[in-house]
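Here is the structure we will look at.
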Amino acid sequence: MNIRRVVAEHNKDRKREFEETTIPYMNSLYNAALRMARERAEAEGIVQDTYLLAYKNFNKFQRGTNCKAWLFKILRNVFINRYRKNIKSPDTVQYEEVENYYLYNQLTSHQDSSYIDFLKEPGRLEEFIGEDVNSALQGLPDEFKEVVILSDIEGFTYEEISHIIGSPIGTVKSRLNRARRFLQKKLWDYAVKKGLVKR
Amino acid sequence: MKEGKFLIKDLILLPKKMYYMFFKRHAMITCEEAAQRLYEYLDGELSPADYDKIKLHLELCRNCCQRFEFEEILHTIIRDKTKSDKLPPSLKDKILKELEVKE
Ligand SMILES: [Zn+2]
């Protein structure tokens with residue numbers, strides 16, 4: 001048997017294993033990239049780079065560990081390097097603090113008292129804010145947007161998110177809390193702009 | 001969703017002293033603490049003991065209960081509405097071809 005053939009066979013197996021392990025997550029990676037980069041061409045470039053980098057480093061991936069989280073960690077690095085920007089730590093940037101239950105409080109203090117019960121009926125709240133959820137998410141600062149994407153869209157646990165973004169779980173918790181309150185404020189602002197509510 | 005260990009109707013049967021001891025042990029979280037843990041509750045990230053504490057608080061506190069109910073509906077909508085765009089089929093081909101070259 002000639003050595004070149006052995007090497008070729010080995011590479012083929014490795015490539016097949018890589019594809020079987022990683023291709024199922026391509027859609028998720030593309031979606032996250034699209035939300036972070038906003039443009040299709042950019043998102044495609046990010047996903048391509050992610051796969052090339054992942055392939056190059058596939059020997060460092062431990063079989064049986066969380067491949068999706070591993071890929072998202074790479075994607076995040078590609079994103080950061082591509083734009084040469086840091087996803088800032090919100091602890092170092094001043095954002096306005098939004099109170100707990102922001103949307104609920106706005107709705108109960110500015111509307112008739114029965115309005116909140118009306119909104120709790122099936123489908124009502126969705127009619128009220130459903131259309132604006134994606135634009136509201138799009139409008140969040142990167143550091144908040146990414147944790148919402150990882151948790152709400154991709155369903156990662158706090159521990160997995162902590163691994164992906166390289167911050168402690170406590171930071172993940174507080175960032176998610178702030179991100180979601182921020183999102184509620186944006187949803188309220190949309191509703192006001194559309195004239196759906198009295199201010 | 002799992003059931004809390006205690007139901008409010010069981011508590012009513014307790015003698016007064018035990019009733020007090022029970023609350024001291026299990027129910028002493030404030031509305032503020034409940035609010036702090038709202039998202040851990042919705043994300044299923046609480047330990048069983050903490051989950052029970054929140055659950056009990058919600059059974060006893062109408063204000064928090066109404067807010068949590070609303071937040072739960074909102075949380076579900078946000079999850080549903082942010083679901084995915086389709087992957088462009090050409091992207092997968094492109095990536096597979098690039099890996100071919102790398103081989
Ligand atoms: Zn309360």
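Some observations on this one:
- Screening A:Gly155, A:Gly170, A:Gly195 for residues that are more than 10 Å from every other protein chain (Cβ to nearest Cβ), on the phi > 0 side of the Ramachandran plot and either over 16 Å from the mean Cα position of the chain (by Cα) or surrounded by fewer than 19 Cβ atoms within 10 Å (Cβ to Cβ) (or both) leaves exactly one candidate, A:Gly195.
- In region B:70-80, the residues that are facing chain A (nearest Cβ under 7 Å) and open to solvent by 70 Å² or more (accessible area, probe 1.4 Å): B:Arg79
- Where helices (runs of 4 or more DSSP H) fall entirely within region A:33-144, those with at least 2 residues that are under 22 Å from the mean Cα position of the chain (by Cα) and among the charged types (D, E, K, R) are at A:40-56, A:67-83.
- Residue that is more than 7 Å from chain A (Cβ to nearest Cβ), open to solvent by 30 Å² or more (accessible area, probe 1.4 Å) and touching a residue at least 24 places away in the same chain (Cβ under 8 Å), where the choices are B:Leu56, B:Leu60: B:Leu60
- Only listed residue being modelled with pLDDT of 90 or more, of a type in the set (D, E, K, R) and not in a helix (DSSP H, G or I), chosen from B:Glu32, B:Glu45: B:Glu45
- For region A:90-117, the set of residues classified as surrounded by 13 or more Cβ atoms within 10 Å (Cβ to Cβ) and hydrophobic (A, V, I, L, M, F, W, C) consists of A:Val98, A:Leu103, A:Leu107, A:Ile116, listed by residue number.
The values are calculated or read from the model by the stated rules, or taken from the named source; none is laboratory data. What you see is a predicted model; the values in this text were computed from it and never measured. As a convention, Cβ positions derive from the backbone with ideal geometry for all residues, glycine included, and neighbour counts pool all protein chains shown. Heads up: the accessible areas ignore ligands, DNA and RNA and are worked out on the full protein's heavy atoms, side chains in. Shrake-Rupley method; radii C 1.70, N 1.55, O 1.52, S 1.80 Å.
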